[in-house]
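Below: the structure, in structure tokens.
The values are calculated or read from the model by the stated rules, or taken from the named source; none is laboratory data. Note that the structure is a prediction, hence the values are computed from the model and not measured. Counting neighbours? That spans all protein chains shown, and the Cβs are built from the backbone with ideal geometry, glycine included.
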Amino acid sequence: MSGSQSGLLRPGQAFATTSGRRGQVGALLGAGGQGEVYSVGLDGQTFALKWYHPHYAALDTSLRSRLDRAVRRGAPTEDFLWPLDLVDIPASQSFGYVMLLRSDDYVSIRDLIAPPPRRLEMPLARRATICQQLASSFLQLHANGFCYQDVNFGNIFLDPRRGRVLICDNDNVNIDGADASIYGTRKFMAPEVVRREALPNSRTDLFSMSVLFFYTLFGWHPLDGRREAETKLLNAAAEMRLYGEQPLFLFDPDDAANGPVPGLHDALVARWNSLPSRLRALFERAFGQGLNDPASRVLETEWRGALRIVEEASFACAACGFDHVAEPNAAGAPGVLDRCLACAEPLVPPAFLQVRDRLVAMTVGQTLDGEVLDRKLAGATAGRVEAHPQHPDRIGLRNLTGEPWRAILGDGASYTVPPGQVVRVLPGATIDFGRNKGRISARATAQGDA
């Protein structure tokens, strides 16, 4: 970030935190409606300081108590850019808080829907990983009795290279059920909040999170279908109708009045048909029953299970690169479409590893989460799919655990795969991981064209 030298505070100005730490104001990093953000030195390290405009601090009467509570409770996960300490400056009419400095590696999640050439291109599996992390972080926030109140594009940043997220603007966070300090951002609000019939709470957070997930996977709003396309003037009255009074899902299975418009929403239809049925069913519930019944909204844990399928079972069309997701089938081979949904060329799916209810595409670069093999290994990388250095058409799975595996070939022959070594991916083979066994699919079951 580049800094300016004009603002509410002066470069070099001294300050103290409420815990007694002393620091010095550095460059102005940015400014907005609530206040300004500065780089500051504190205990020999560089942090960020958000300093509020005096009028905003006076208007939001619960702001200081919310921040004090947040500081005392601590961040729910490391994915939150959380307030660390409050700051006062003598004779000032305002206050602020210190937080970690956001790395320049992070960009706004809004870049996923930016027009080219600024648009951030990201594989479907990586987008699902982003949603997984957000679901886990908001689960911890809600489990601690908080609600976020204003889930939207402006508050979420991501590191495209590592696939990590960062949730910012946590001064909006409040105790679930307490009086809200903000209604939220219109296109992310739950319908009852748009209509001003309810204040933000953990259940409205669930709706906003669902909207964010749809945007992340599709680059589009879930309620923007035929009705939005036919709206000539998208003013406040039109937004109230589309998102508050008469909301209807773009892919509602029972009502096509707001369905996709041929020629306009074709890419969205292709993406919808590429997703596993379990994930589509959650979106149908989130934007079906969940529009009017907060108790029916999809929980974070439900999203995580469905998104995991996208993470692990995605593969790209060899002709155009469009991502598809194989349909898990516990009773047999995974299901895939005959032809690409984007270019209509025949699909050539990879081999798949089936372990219990987990389906993992054996594509080069794919990693195997330890949880697939043993729940005790959750979060650790247990394997990695690699191509042979001299024969790229030969694919293998490298054992990254500390225990040997045993490979059993289709003809009954078997051999040990020590830690660090590679087992070749051969259709019909079985890999004994110790606690669980996995089978390499001999072929995929064609689902036909969607």
Fill in the blank from the handout: Checked 206, 217, 158 against criteria (within 14 Å of the chain's Cα centre (by Cα) and within 25 Å of residue 31 (Cα to Cα)); the one match is 158
Exercise for the section: Please note which helices (runs of 4 or more DSSP H) are completely contained in segment 232-343 and include at least 3 residues that are surrounded by fewer than 20 Cβ atoms within 10 Å (Cβ to Cβ). Expected result: 236-240, 266-274, 277-286, 300-313
Completion exercise
Residues of segment 228-239 being under 27 Å from the mean Cα position of the chain (by Cα) and closer than 18 Å to residue 192 by Cβ, in sequence order, are 239
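Out of segment 36-84, which residues are on the phi > 0 side of the Ramachandran plot and crowded, with 17+ Cβ neighbours inside 10 Å?
Keep residues of segment 36-84 that are on the phi > 0 side of the Ramachandran plot, which gives 43-44, 74.
If the condition is that a residue be on the phi > 0 side of the Ramachandran plot and crowded, with 17+ Cβ neighbours inside 10 Å, then no residue fits.
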Practice task
Please work out if residue 368 is of a type in the set (A, V, I, L, M, F, W, C), surrounded by 15 or more Cβ atoms within 10 Å (Cβ to Cβ) and either assigned to a loop (DSSP other than H, G, I, E, B) or without any contact (Cβ under 8 Å) to a residue 60 or more places away in the chain (or both).
Solution key: yes
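Taking the stated definitions as given, is residue 398 modelled with pLDDT of 95 or more and within 24 Å of the chain's Cα centre (by Cα)?
In short, no.
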Exercise for the section: Tally the residues that are in contact with a Ser or Thr (Cβ under 9 Å, 6 or more places away or on another chain) and part of a loop (DSSP other than H, G, I, E, B), restricting the search to segment 402-417. Expected result: 3
Completion exercise
Note on segment 182-207: residues among the basic types (Lys, Arg), in a helix (DSSP H, G or I) and either within 16 Å of residue 248 (Cα to Cα) or touching a strand residue (DSSP E or B) at 6+ places or on another chain (Cβ under 8 Å) (or both) are 186, 187
